[in-house]
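Chemist: Before we start, here is the structure in question, set down as structure tokens.
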Amino acid sequence: MSVPPYLHFTQIGDPVLRQIAEEVPPESIGTVEIDQIVDRMVKVLRHYDCVGVAAPQVGVPLRIIVMEFREGKQEQFKPEIYAERKMSTLPLAVFINPELEITSSAVNKHPEGCMSVRGYSAQVERYERVRIKGIGKLGTPSEMELEGWNARIAQHEVDHLNGKIYVDRMDVSTFNCLSWQQINAAEGRSAIWFHK
Ligand SMILES: [Zn+2]
């Protein structure tokens, strides 16, 4: 049996996703143990080609998040979707003990998913602009202003540190299985994979 930090995503129902993650103690910052957790999170983020990972998603109840919206990701979206959701490139950002501040009361609503609720999506309302502060790692500044989709990513990941999952905030009637059409076409012979 594997032990955290995992190379897969913990799934909803795992208690680690519902607890309030602990602050990383100052004396632990810069230790091999924390560096290895960060490295593992970046590895998982890139392997699964997603845009954010919070430590509880690899089974570690600590306040660490990684985010990245890599340049090439734009090709995965139709131009109108990319524009409508205000997506933009975000270089790798790693925060230990992040604090999130809402900097605009404006909100937007878009489809959101989570690797810890694999295979589903729903509309979620999020704030348009945020400021995130914390201990930056791997070249991340200690403070960043984010807007649009990147502000959404930060809100989603910081939620994970507080035991919150997007399903707690979603418009319930929009919750959907991403492969529902394929399930019909394949007469039910379809599966959700938890590894890649
Ligand atoms: Zn998530």
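Chemist: Return the residues of the range 149-196 that are hydroxyl-bearing (Ser, Thr, Tyr) and within 16 Å of the ligand (Cβ to nearest atom); say none if nothing qualifies.
Modeler: Selection gives TYR166 alone.
Chemist: Related question: If ARG118 meets every condition in (1) more than 30 Å from ILE29 (Cα to Cα); (2) assigned to a loop (DSSP other than H, G, I, E, B); (3) more than 17 Å from the chain's Cα centre (by Cα) apart from one, which number is that one?
Modeler: (3)
Chemist: What pairs come up if the first residue lies in the range 132-160 and is of a type in the set (Gly, Ala, Ser), the second is outside any helix (DSSP H, G or I) and within 12 Å of the ligand (Cβ to nearest atom), and their beta carbons are under 9 Å apart, counting only those six or more places apart or on different chains?
Modeler: Once the first residue is of a type in the set (Gly, Ala, Ser) and sits in the range 132-160, its partners that are outside any helix (DSSP H, G or I) and within 12 Å of the ligand (Cβ to nearest atom) give GLY134/ILE65; ALA154/GLY52; ALA154/ILE65; ALA154/MET67.
Chemist: Do we find that LEU146 is within 25 Å of PRO4 (Cβ to Cβ) and either within 16 Å of the ligand (Cβ to nearest atom) or of a type in the set (A, V, I, L, M) (or both) in this structure?
Modeler: So LEU146 does not fit the description; no.
Chemist: May I pose another question? Please go through the range 170-191 and pick out each residue that is under 23 Å from the mean Cα position of the chain (by Cα) and open to solvent by less than 100 Å² (accessible area, probe 1.4 Å).
Modeler: Passing the criteria: MET170, ASP171, THR174, PHE175, ASN176, CYS177, SER179, ALA191.
Chemist: Only one of these conditions is not met by LYS137: (1) on the phi > 0 side of the Ramachandran plot; (2) at pLDDT below 95. Which number is it?
Modeler: Against the list (1) on the phi > 0 side of the Ramachandran plot; (2) at pLDDT below 95, LYS137 comes up short only on (1).
The values are calculated or read from the model by the stated rules, or taken from the named source; none is laboratory data. Worth saying up front: this structure is predicted, and the values here are computed from it rather than measured. For neighbour counting, all protein chains shown are included, and Cβ atoms are generated from backbone atoms with ideal geometry for every residue, glycine included. What goes into the accessible areas is simple: the full protein's heavy atoms, side chains included, and nothing from ligands, DNA or RNA. Shrake-Rupley method; radii C 1.70, N 1.55, O 1.52, S 1.80 Å.
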